[in-house]
Structure formats: C-alpha cells, structure tokens
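As structure tokens, the structure follows; a few thoughts come after it.
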Amino acid sequence: MNSNPTSILAQDSSQSPEVIVAEEPIDTSSFYIFGDEKHDRDRLIAQARVFGDYIQRHATRLVQERPKRILDIGCGDGQITTVFGKIYRTSQIVGMDHDPAAVESARNRLPRIPNITPSNIQFVTGDVQEALPAGPFDLIYASMLFLHLGNPEKTLRNCFDALAPGGTLWIKESGDFDVEGRPAFKRWVDMTMSAMAKMGRKLLIAKNLEETMTQVGFTEVREVNEHYDLNDNTLAGRVMLSVTLASCYNTIPMLNKIEKVPTEELLALHTKVREELESKAANANLPNIIARRPLPE
C-alpha cells in the first residue's frame, strides 16, 4: 500500500483516469485507522476530491448551460463548492450547511484555494429542510445529503422554488451495495437500512428520488452512474474502500442502540467486512440524478 501523501486519482467506467492536484496532500497511510475524528476528516476530504474530479470532468456534459448562480447544499467545509468555483470562475456560488463549524472552516479555506475567485463564493449556515438562500439559482448541487434528511420531499420543493426556470438540480447519492458473496457486508447493510428506517431515513433514497422529483414538478429527470472499484490498485479505489469501511465503523453506536447488537459483536463483524472487501474488490455505484425546473410555457 502506498503511504505517501499524494493527489487524488478518480475513475469512472467511461473515462480514462485523470489526476486532480489537491491544495493540501492527503496522507493515505492513515486511511485504515477508524474511530478517530482526524482520520475521518482526512477520508472525507479525499472523498470530496475524488467526487470533485468527477465533477470537473462531467459538469459541462451534465449541466446544459453555464450557470451564473450555483448553490451547494450540505456543503460541509466547502470542498465541492470550491470545485465549482474552479470550473465556473465568474459564477456566484453559495455553499450552505447546518454545521456552523463547517461553514467557518469553509470560509477560512477560501484564501488558500488556487484558481478560484474568492469574492464570488460565500458560505451560509442553515437547514435545507426549512429554507434555502434567496434564489434564483441556475444550478443546485447536493452530495450524499438526502439519505440523512427526515423530509426529503420538502427539501426538493425548496430546491424547485429556489431554481430559476430551466435551472438544474444535481443530486449524488449511494446506489445498491455490492454484497453478493459477502455475507458480513450484507448483514451490515441490512442492519443499517433497518436502523435508518426506524429513524425515518432511507439509506438507498436514490431509488425514490426520481419519482418524487417528478411529483414536485421537475422534468428531464435522468440518472447517470458514477462507478468505482473498491480496492488498493488505484488511489480512488483506496479512498472509496476506506470511506466505505469507515462509514460502517461509524454506524456502530447506532446499530448498538437501535438494533441492539453488542459492540463486541459489531467490532468482530467489521473485521469480517474488511476481510471480504479486501479479498474481493466490490463495486461502488453512485447515481447522479439530474433534473430541470421547466421553462414556462
């Protein structure tokens, strides 16, 4: 395993790999240390850069017109927000998150980011299920947000209202998990889905989004699949494998409390999940769901 700090290599099934140079190198030697806040943050930054590479290579194809105003909801500390700033240097961009500490971190990062226009980017705190910043926006982007929401339909309606006519909504969520031949991983996914359902959340919410978006009023709804192999052969694969394992690990308190599984049993099961995923590479398929607010007739 390569332990040197490096940039992120992202792949999908239809494009050759490209390298995106990160502002700050990521040390991959800590990727398989779980239960530590710093290492969790490093993994999430690396994941955002993998996703950011995909956006840089596909934004002009997935977004039909050059957006003048962009809203990134659930932006965290702005990793993806600033990617849009690099693609659309003259656009006005707003990042929104419910966590004031993340928003403050995003603001502090701006002066260190190359190839953007910092004055065109702002970050605000707010609850996407309540209200969005004043529009209209030409593009609203959300990555791994809707599975955490108790009222996704209300948020979709907020997005519809905040978009300009003809504007684009772009949502990335988790797709089906590659559990075939991996009984420990399947059990973990099943328990997580059960626990989240009891909390009023849907792990695989992407399956419902297209229908709900149509009901809200969006048109031209389509799904574009983003694919990664979870293995150590590429840096993107290593990032996505470590994020998958960390995501499982971080659900241990939830599964212990809601599913009543002892922590010791979950730790042993997590070891088996890692063995299964490392012995035979799984696929990660992430649907990008794209839709438009229709133009007036």
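Restricting attention to segment 187-222, and to residues there that are farther than 22 Å from Met254 by Cα and assigned to a loop (DSSP other than H, G, I, E, B), which single residue is farthest from the chain's Cα centre (by Cα)?
Residue satisfying both the conditions and the ranking: Gly217.
Among the residues of segment 259-295, what is the count of those that are β-branched (Val, Ile, Thr), touching a residue at least 24 places away in the same chain (Cβ under 8 Å) and under 28 Å from Ala48 (Cβ atoms)?
Looking only at that region, the number is 3.
Take residues that are of a type in the set (Gly, Ala, Ser) and tell me which of the strands (runs of 3 or more DSSP E) falling wholly in segment 103-181 contain 3 or more.
Numbers: elements: 121-125, 137-143, 163-172.
Of the strands (runs of 3 or more DSSP E) lying wholly inside segment 103-181, those with at least 3 residues that are of a type in the set (Gly, Ala, Ser) span 163-172.
Could you check, for segment 288-296, whether at least one of its residues is at pLDDT below 95 and either under 19 Å from the mean Cα position of the chain (by Cα) or exposed (fewer than 13 other Cβ atoms within 10 Å of the Cβ) (or both)? Explain how you work it out, then say what you get.
Of the residues in segment 288-296, the ones at pLDDT below 95 are 295-296.
Filter once more, so that each one left must be either under 19 Å from the mean Cα position of the chain (by Cα) or exposed (fewer than 13 other Cβ atoms within 10 Å of the Cβ) (or both): 295-296.
Yes, that holds for at least one residue.
Right, Leu145: of a type outside the set (Gly, Ala, Ser), within 21 Å of Ile258 (Cα to Cα), surrounded by 15 or more Cβ atoms within 10 Å (Cβ to Cβ) and under 17 Å from the mean Cα position of the chain (by Cα) or not?
Judged against the criteria, Leu145 is not a match.
Okay, residues lined up against (1) in contact (Cβ under 8 Å) with a residue 40 or more places away in the chain; (2) out of contact with any helix residue (DSSP H, G or I) (no Cβ under 8 Å at 6 or more places or on another chain):
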residue	(1), (2)
Glu153	yes, no
Asp161	no, yes
Pro165	yes, yes
Trp170	yes, no
Gly175	yes, no
Ala184	yes, no
Val189	no, yes
Met193	no, yes
Lys198	yes, no
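Looking at (1) within 18 Å of the chain's Cα centre (by Cα); (2) farther than 22 Å from Trp170 by Cα; (3) in contact (Cβ under 8 Å) with a residue 12 or more places away in the chain, find the lone condition where Asn225 falls short.
The failed condition is (2).
Take the residues in segment 224-279 that are of a type in the set (Lys, Arg) and part of a helix (DSSP H, G or I), then tell me which one is surrounded by the most Cβ atoms within 10 Å (Cβ to Cβ).
In the first step, residues of segment 224-279 are kept if they are of a type in the set (Lys, Arg); the result is 238, 257, 260, 272, 274.
Going one step further and asking which of them are part of a helix (DSSP H, G or I), we end up with 238, 257, 272, 274.
Working: Arg238: 22, Lys257: 10, Lys272: 15, Arg274: 20.
Looking at the filtered set, the residue picked out is Arg238.
From (1) out of contact with any helix residue (DSSP H, G or I) (no Cβ under 6 Å at 6 or more places or on another chain); (2) of a type in the set (Val, Ile, Thr); (3) under 20 Å from Tyr54 (Cβ atoms), pick out the condition that doesn't hold for Val221.
The one condition Val221 does not meet is (1).
Looking for whichever is assigned to a helix (DSSP H, G or I) and at pLDDT 75 or above here; the options are Arg66, Arg49. Which one fits? Spell out how you get there, then give the answer.
Working: Arg66 fails: assigned to a helix (DSSP H, G or I).
On inspection, the qualifying residue turns out to be Arg49.
Of all residues in segment 104-142, how many are hydrophobic (A, V, I, L, M, F, W, C) and crowded, with 22+ Cβ neighbours inside 10 Å? Steps first, please.
Let us first name the residues in segment 104-142 that are hydrophobic (A, V, I, L, M, F, W, C), namely 106, 110, 113, 116, 121, 123-124, 128, 131-132, 134, 137, 139-140, 142.
Okay, now just the ones that are also crowded, with 22+ Cβ neighbours inside 10 Å, so 106, 121, 123, 128, 132, 137, 139-140, 142.
Residues in segment 104-142 being hydrophobic (A, V, I, L, M, F, W, C) and crowded, with 22+ Cβ neighbours inside 10 Å: 9 in total.
The values are calculated or read from the model by the stated rules, or taken from the named source; none is laboratory data. Computed from a predicted structure; not experimentally measured. All Cβ positions, even for glycine, are placed from backbone atoms using ideal geometry, and neighbour counts span all protein chains on display.
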